[in-house]
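Down below is the structure, laid out as structure tokens.
The values are calculated or read from the model by the stated rules, or taken from the named source; none is laboratory data. Because the structure is predicted, anything quoted here is derived from the model rather than measured. FYI the Cβ positions are ideal-geometry reconstructions off the backbone, even for glycines, and counts take in every protein chain you see. For the accessible areas, the whole protein counts, side chains as well, though only heavy atoms, and no ligand, DNA or RNA atoms are used. Shrake-Rupley method; radii C 1.70, N 1.55, O 1.52, S 1.80 Å.
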Amino acid sequence: METNSSSEEAQSMETNSEMEDTCSSTSQRSEADDGIYPSHSSGDESATQEVNIVYMMFMASQLSGGRVRMPEHNVGLRGDQYIQAVLSGNPKTCKTMFRMEVQAFRYVCDLLRDSLIMDRTERVSVEESVGIFCLLVGHAQGQRIVGDRFQHSSETINRHVKTVMRALHQLGRTVIRHTESDGVHPYITENPQNYPWFEKCLGAMDGTMINARAPSRLSNAYRNHHGQIAQNVLCLCDFNMKFTYVYTGWEGTTHDARVFLDALSRRRNQFPWPPEGYYYLVDSAFPCIEKFMPPYSRERYHRSDRYSGRQFRGYKDYFNFRHSSLRNIIERTFVLLNNRFQILSAMPRYRPTRQGMLVTACCTLHNLIRTVTPNDEFIQAALAL
């Protein structure tokens, strides 16, 4: 009996509490409908005050200049304005900044545009892309410095440098080649010491060391006999100081003869063999085979070897002297290439394939400049050697 009564009392208490909750919720809804809201507790008010204080501190720091975002490139002319100012201003500015005259610069841009190899992007023209590339390779500047000059990000500079480099590399397939000419080259006929002895000579061939960047595991393979990390590039040039063949990709420790034989043995290398009866001049590092004329071995060769003026010890010594004087055209071409494009002496940290592509692009640009302006100041300095 007592248990039943206690259970009934508990049920009645629960029923009363439920009725009270229902009444309170009904009253709150009626107050909300009437626009009367319950007041916040003291804890909610303190939290709201803390949020307001933090917000006011943040706005004060913004107004005081503590975290105001400033544009990174806001100094000087924009890229397109800078290009127009250079091309329409003093001609010396173009030669100083882009390492070529205005006429040659416009010719390169028109050739890339007309051959459909390059086209302008949404924000950057072909002239601006070529200017970015020329400034970087001509002065060996970092991409951040070039980006500050053209008011672009480093990512944009890197993208356009890669685009121009690939375009010039592709254009090199038609620019870096032997130019057909009738008769003997004037460089030989105008010098009685060379004609008629070298009337069948088409040019000179030699290897040159170009600065390179190699992974640490391959550094010993790229370290040449001078102790420098370099790549061995095989080149052919004619007597117009234009490259007719460029073969890249070999490490600095590789001998010139090894690179030469590899260039001849692989058909995909497309080595330009001279016609029947013609030949190239090479130095003593290359083998004596048909269509390639090296000097006499075990005889003095370079001019520096003659300490007693023009006293020759025989016909072999005299032939080597004339051979050295004529083959020197390739050495002067290398000097001209390195003086114009200083990046070849300070190669960036590109992949090996991209480094070789950069060398080919510079040789292509060299041939184009030599075609349009054959007597600019860089060429005159090389001819004076």
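Computed quantities for the displayed model
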read-out	value
W250 accessible area, assembled protein chains, probe 1.4 Å, Å²	50 Å²
Average projected area [Cα convex hull, segment 156-208], square nanometres	5.9 nm²
Virtual spin-label span in nm between Q270 and V335, 7 Å along Cα→Cβ	3.2 nm
Heavy-atom accessible area ranking, 1.4 Å probe, most first, across H225, H255, H160	H225, H255, H160
S325-K92 FRET efficiency (beta carbon distance; Förster radius 41 Å; 0.05 resolution)	0.75
By accessible area with a 1.4 Å probe, ligands and nucleic acids excluded, highest first: order of H169, H226	H226, H169
Chain lengthening between R106 and R351 when straightened (0.36 nm per residue, less Cα-Cα)	85.2 nm
³J(HN,Hα) computed for each position of segment 124-134 - Karplus, 6.51 cos²θ - 1.76 cosθ + 1.60, integer Hz, glycine/proline x	10, 7, 5, 4, 5, 5, 5, x, 4, 5, 5
Hydrodynamic radius by Kirkwood, which averages 1/r over all alpha carbon pairs of segment 79-175, in angstrom	13.4 Å
Segment E45-Q228, length gained on full extension (0.36 nm per residue, minus Cα span)	58.6 nm
For segment 340-385 versus segment 313-339, the gap between their alpha-carbon centres in whole angstrom	21 Å
Dipole axis of segment 186-351 (+1 Lys, Arg; -1 Asp, Glu on Cβ), positive-most option in G203, L236, L326	L236
Point-to-point label distance, C288-R258, nm (Cα→Cβ direction, 7 Å offset)	2.4 nm
Segment 187-237: C-alpha pair distances exceeding 13 Å, %	66 percent
Whole-Å semi-axes of the ellipsoid equivalent to segment 128-286 (Cα gyration tensor, √5λ, descending)	34, 22, 14
Residue-wise HN-Hα coupling along segment 203-212, computed from phi with Karplus coefficients 6.51, -1.76, 1.60 (Hz; x: Gly, Pro)	x, 10, 10, 6, x, 9, 8, 10, 3, 9
Nearby lysines by direct alpha-carbon distance to K200 (threshold 26 angstrom, same-chain neighbours under 8 apart not counted)	K242, K291, K316
Gain upon complete extension [E199, Y278; 0.36 nm per residue less C-alpha separation]	27.6 nm
Point-to-point label distance, T179-Y296, nm (Cα→Cβ direction, 7 Å offset)	3.5 nm
Efficiency of FRET from Cβ geometry, V372 and D119, R₀ 30 Å, rounded to 0.05	0.85
